[in-house]
Amino acid sequence: MSENYIKYANYKEMPAHFKPAHEIRKMIDAKEISEAELMESAVRRSKETNGLLNAFLSINGGAEGFSGVKNSFWAGIPVALKDNIVTKGIKTTAGSKILENYTPIYDATVVQKLKNAGAPIVGKTNMDEFAMGSSTENSAFGVTKNPWDITRVPGGSSGGSAVAVASGLAYMALGSDTGGSIRQPAALCGVCGMKPTYGRVSRYGLIAFASSLDQIGPFTRDALDMAYALDVICGHDPKDSTSSAAPAESFSDFVKKGMDMNGVKIGIPDEYFGDGIEQGVAERVKEAINQFEKMGAKIVSVKLPHTKYAIPVYYLIATAEASSNLSRFDGVKYGFRAAEFKNLKDMYMKTRDEGFGAEVKRRIILGTYALSSGYYDAYYKTAQKARTKIKEDFQAAFSRADLILSPVTPATAFKIGEKTADPLTMYMSDIFTISANLASIPALSIPCGLSGGMPVGLQLSGNYFQEGKMLAAAYEFQKRTDHHLCVAAV
Amino acid sequence: MKYEAVIGLEVHVQLSTNTKIFCSCSTRYSGNEPNTSVCEVCSGQPGVLPVLNAEVLKRAVKTGLALNCSIAKRTKFDRKNYFYPDLPKGYQVSQFDMPICANGYIIVNDGLAEGKKDKKIGITRIHMEEDAGKNVHGSDGKSSFVDYNRAGVPLLEIVSEPDIRTSSEAKEYLEKLKTILKYIDVSDCNMEDGSLRCDANVSVRPAGETKLGTKVEIKNMNSFRGVQKAIDYEIERQIKVCESGSKITQETRLYDEAKAVTLTMRKKEEAFDYRYFPEPDLPPYDIAPKDIDAINSALPELPDAKFARYINEMQLSVYDASLLSNNPSLAAFFDECAAGYKNYKAITNWLLGDISKKMNELGIEDIFSSRIRPENLLEMLVLIDNGTISGKIAKTVVDEIFASGEKSSKIIEKLGLVQISDDGFILKIINEVVAENPKSISDYISGKEAAVGFLVGQIMKKTRGKANPKLVNEMLITELAKLKNA
Amino acid sequence: MISKEEITKIAGLAMLELSENEKAEYSSQLSSLLGYFNEIQDLDLAGVEPTNHALVADNVLREDTAVPSLGQNVVVAGAPATDGKSYRVPAIIETEEQP
Ligand SMILES: [Zn+2]
């Protein structure tokens, strides 16, 4: 059996479709490659591989996107969007049958920003239905395969976006992260993924799963591309009351300047290195810690004592918000309506029963229960209070450390179908990622090697609005290592 | 046994802002096609987010201050979850446990009729929320049609304490509330077009009992009169049930206006459980004391204060003061006139007399939407005072102002209405009339004083009402006296 | 333990018509999930403020200035059933208790 991956010595050796966007930008500017060639290639490769990988739910015809935008990093560089980000005139399903035929009447703010930047959209990527899942197996339109091993899941819920970047189908892809839905598939597919600070990126036009946890973020080849991606999508949006007015520096300029890692304090949470972590994952993460130490960083131990409550807190809050957010899918205004019904209530019940998949229904029931009369205080309100404790844990930890380093997942990509039987097992795989959403802090995942031939991710978290510092540290790491040069052999 | 009713009212008023509460769609869609004043936000498209209209927050605070409420230092929105076709998102953004205003009151019965005492009706809370769309029933009976033009129009829900005891008190509460809201210009408050809606909670208990009876909610009342009649019916119905030894069922009843009865709504199997929780898409709002002060100091004089001023400073009758102060536009008109003319009684008489009558005839509610302006009335009053026109002629002038909006002096000139105070001319007419009516003269001479009135009438007729009536009277008496003594 | 009856009631609130199999499955899955989630009841949360909102700035407001709406043909076009102007739904019975 031939290797399932290729390790390049540097970006020069890589074929164009695997190169980072900052290399492609130079090639476009040097007229070594044209915008049309790039888009043609991205669309062609996406179509060719979609039968195997099912990364896309819809692929652009290929002729659009040459805006003539000048002086923009992303002009002409093909990008992909998770299918829960609405695109005016382009079908947007959120991976659900209930939105099978939904064509949005407006653009999400991030889409508007990408259009303004001249980035052509290759297509809309597959995902767990309404972003509920950790494997992309919950899509109503078939599972997405991990390009490193097609018998394994790509992670989720933004599996399609992770695969699009991992397989060289797009140079950047947007996903959404409610409990790890960007970072976990990034880790399992060997690419970079980031959940920015809550409010850093407008949620306007992101089909809501859990409003207080959702955040849009990018997948890229490396940390510098990530900085460029964040540059274009971040910023205050008057249409999103929860979007931050915090000034956004140029992340790419900051990262390019380089960062002296001497004395940078990297916190290691004891609670994240207990039992249940796959040996290869633990080893790769320890090696990464050593690498940072070698670069001059000071490794300190931090405590996140409420970690064990994160999963219950997360699932109670996320499902409660989701139960309300998904009420608008009722067969009245758009999307699917059941074919036969006796009356109004019957129309609602049948439409939602037939339109939603099993996991979505399970979460709606759980969330409805957590909010219902008699249980609200015990579940929802208690979870909101416990969320405060988790936030406080992180504030205490960031008083001791500049960044927190941890694994992204306890194990590498699991087999398709392996965890579908028991929801709790599936939920447990989010243990290292959900706290960042509960605490509203930014966190990113970068490749840090392989375990059993499958990629392992390293998570760096920072305090609110510390994306610049996190990205610079990640890029310093990537300058000295070659894990990000290792790609799936597609 | 004597029974007492306990009534609380829940009033929804639409705020007359330019735009909806959470999006920038216009609220001026009246008369437009369905679903024309809608966008992705108010039609509940996937992915949309709300942003609060600053004017809604401001008007809510203004309303709270005008209704003597305390204003929350910090307020937030919550989601009220239920499915209904007129609700685009499957939840209504409302306020649950941190309403914008609480603990206010309205005073009713303030002098509307002599002998009645003022009564404080408590206001439990006021909160902001979004209106739902409208369901229109199809003619085939199989379908309904949903229009989201109204979806997202800002509403205030004003909840009273159960302090109301009679249907007429309920009506007075509503009228007073409407007056205040019109004074502060936050809402059109029109029950017929739905910008003010009212539900009533009604229970009865034996007089003297302090415990509350089982309450029944009444919906679907479309006028203040409807509210009054529905409550009357419901009180009577509940007393009958109690007297028959049965128990009142806690329920929602619909008022049937045509039959003037309340009817049980068919109940759903499961109780409503709205699953309120804090709206994560909208941050909380802190209301700074300085902002409250600014709104407070910009509040106009409210009806209670106006009423007191009219009585104490302007010596108007209780009846006149009450009529004026309960009509914001008439009161504003009065105040403008009173600023330039000190005979307040005269202004009041014209406003509440001929002018109100004329407005009724023309179906005009707001005096400022007619052609008359304070300066027209003021000029006319001065012309009466200086004898240029008579009070009688002035009625013609009022008619003409309503018709043309012209200045009183111009109307008088145009129609030749200047009063005749020329002694010689009047004497000439008197002599003519005396000559033409020998019977009346002899009647007068024989002691029938009533003949004077007839003769004055004849003189006025000959001068087409323009002769100065005071002068005519004086001169006629002199002439008649001469004849009598001759 | 969440009974099938409770699941039925909750499904009614959520407007989900579940099959008997689904009810049984969700009843057992939710029971075990909530059994695990009950861990949070052990926390001492006296005096702790709930995090009702994620990291947000207070007092986000918008000017009361109208912008043109999208219009009937745009908004209603995507609906499963319309008369071209309004959304069509099965008849709403007015005398039924409304939420
Ligand atoms: Zn709108």
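The values are calculated or read from the model by the stated rules, or taken from the named source; none is laboratory data. As the structure is a computational prediction, the values presented were derived from the model and not from experiment. A quick note on method: Cβ atoms are made from the backbone with ideal geometry, for glycine too, and the neighbour counts reach across all protein chains shown.
Worth a mention:
- Single residue of B:349, B:327, B:376 found to be free of Cβ contacts under 8 Å to residues at least 24 places away in the same chain and either within 11 Å of residue B:398 (Cα to Cα) or polar (S, T, N, Q) (or both): B:349
- Candidate set from the range C:17-59 (those that are among the hydroxyl-bearing types (Ser, Thr, Tyr) and more than 21 Å from residue C:5 (Cβ to Cβ)); member that is nearest to the other protein chains (Cβ to nearest Cβ): C:51
- Residues that are more than 14 Å from chain B (Cβ to nearest Cβ), surrounded by 24 or more Cβ atoms within 10 Å (Cβ to Cβ) and among the small types (Gly, Ala, Ser) within the range A:108-131 comprise A:119, A:123, listed in sequence order.
- Residue B:15 in contact with a helix residue (DSSP H, G or I) (Cβ under 9 Å, 6 or more places away or on another chain), at pLDDT 95 or above and within 16 Å of the ligand (Cβ to nearest atom): yes
- Which listed residue, of B:355, B:364, is hydrophobic (A, V, I, L, M, F, W, C) and over 24 Å from residue B:315 (Cβ atoms): B:364
- Among the candidates A:202, A:212, the residue that is at the interface with chain B (Cβ under 8 Å from one of its Cβ atoms) and touching a helix residue (DSSP H, G or I) at 6+ places or on another chain (Cβ under 8 Å) is uniquely A:212.
- Enumeration of residues in the range B:1-13 that are surrounded by 16 or more Cβ atoms within 10 Å (Cβ to Cβ) and either aromatic (Phe, Trp, Tyr) or part of a loop (DSSP other than H, G, I, E, B) (or both): B:3
- Members of the range A:215-261 found to be more than 14 Å from chain B (Cβ to nearest Cβ), outside any helix (DSSP H, G or I) and either closer than 18 Å to residue B:50 by Cβ or not small (Gly, Ala, Ser) (or both), listed by number: A:218, A:219, A:220, A:221, A:222, A:234, A:247, A:249, A:259, A:260, A:261
- Selection within the range B:76-128 - at pLDDT 95 or above and of a type in the set (Val, Ile, Thr): B:93, B:100, B:106, B:121, B:123, B:124, B:126
- Residue match in the range A:67-74 (condition: surrounded by fewer than 23 Cβ atoms within 10 Å (Cβ to Cβ), closer than 24 Å to residue A:15 by Cβ and at pLDDT below 95): no
- Lone unmet requirement of (1) within 15 Å of the ligand (Cβ to nearest atom); (2) more than 9 Å from chain C (Cβ to nearest Cβ) for residue B:27: (2)
- Taking the criterion of being of a type in the set (A, V, I, L, M, F, W, C) and either in contact (Cβ under 8 Å) with a residue 40 or more places away in the chain or away from the ligand (no atom under 13 Å from the Cβ) (or both), the residues of the range B:30-45 that qualify are B:38, B:41, B:42.
- Here is the figure for the range A:351-383: residues that are farther than 16 Å from residue B:274 by Cβ and polar (S, T, N, Q) total 2.
- Qualifying residue in the range B:408-431 (condition: in contact with a Phe, Trp or Tyr (Cβ under 6 Å, 6 or more places away or on another chain) and either under 30 Å from residue B:373 (Cα atoms) or crowded, with 18+ Cβ neighbours inside 10 Å (or both)): no
- Test: residue in the range B:148-158 that is in a helix (DSSP H, G or I), away from the ligand (no atom under 16 Å from the Cβ) and either of a type in the set (A, V, I, L, M, F, W, C) or over 29 Å from residue B:100 (Cβ atoms) (or both): no
- Any hit, the range A:402-410, residues being of a type outside the set (Gly, Ala, Ser), over 19 Å from the mean Cα position of the chain (by Cα), away from chain C (no Cβ under 14 Å) and under 30 Å from residue A:384 (Cα atoms): yes
- Within this structure, residue A:313 passes the test of being surrounded by 20 or more Cβ atoms within 10 Å (Cβ to Cβ) and under 18 Å from residue A:427 (Cβ atoms).
- The set of residues from the range A:322-360 being in contact with a helix residue (DSSP H, G or I) (Cβ under 7 Å, 6 or more places away or on another chain) and assigned to a helix (DSSP H, G or I) comprises A:322, A:323, A:326, A:355, A:359, A:360.
- Any chance residue B:170 is over 29 Å from residue B:77 (Cα atoms), modelled with pLDDT of 95 or more and assigned by TED's automatic domain parsing to the domain that holds residue B:15: yes
- Among the conditions (1) surrounded by fewer than 24 Cβ atoms within 10 Å (Cβ to Cβ); (2) closer than 21 Å to residue A:234 by Cα, residue A:150 misses just one, which is (2).
- Residue selected from the range A:244-257 under the condition among the small types (Gly, Ala, Ser) and free of Cβ contacts under 8 Å to residues at least 60 places away in the same chain, by the criterion surrounded by the fewest Cβ atoms within 10 Å (Cβ to Cβ): A:245
- A count restricted to the range B:14-24 and to residues that are facing chain C (nearest Cβ under 8 Å) and surrounded by 24 or more Cβ atoms within 10 Å (Cβ to Cβ) stands at 1.
- Members of the range B:243-259 that are loosely packed, with under 14 Cβ neighbours inside 10 Å and within 28 Å of the chain's Cα centre (by Cα): B:258, B:259
- Matching residues, the range A:261-292, being of a type in the set (Asp, Glu), modelled with pLDDT of 95 or more and within 25 Å of residue A:399 (Cβ to Cβ): none
- In the range B:52-94, the residue that is farthest from the ligand (Cβ to nearest atom) out of those that are under 19 Å from residue B:26 (Cβ atoms), within 14 Å of chain A (Cβ to nearest Cβ) and surrounded by 24 or more Cβ atoms within 10 Å (Cβ to Cβ) is B:56.
- The residue that is farthest from the other protein chains (Cβ to nearest Cβ), counting only those in the range C:61-78 that are away from the ligand (no atom under 12 Å from the Cβ) and touching a helix residue (DSSP H, G or I) at 6+ places or on another chain (Cβ under 8 Å), is C:63.
- Qualifying residue in the range B:96-111 (condition: within 14 Å of another protein chain (Cβ to nearest Cβ) and buried (at least 21 other Cβ atoms within 10 Å of the Cβ)): yes
- A Cβ distance below 8 Å, combined with a sequence gap of six or more or placement on separate chains, defines the contacts here; from the range A:368-391, residues that are more than 7 Å from chain C (Cβ to nearest Cβ) and farther than 14 Å from residue A:212 by Cβ reach residues that are among the acidic types (Asp, Glu) and surrounded by fewer than 23 Cβ atoms within 10 Å (Cβ to Cβ) in the pairs A:373/B:273.
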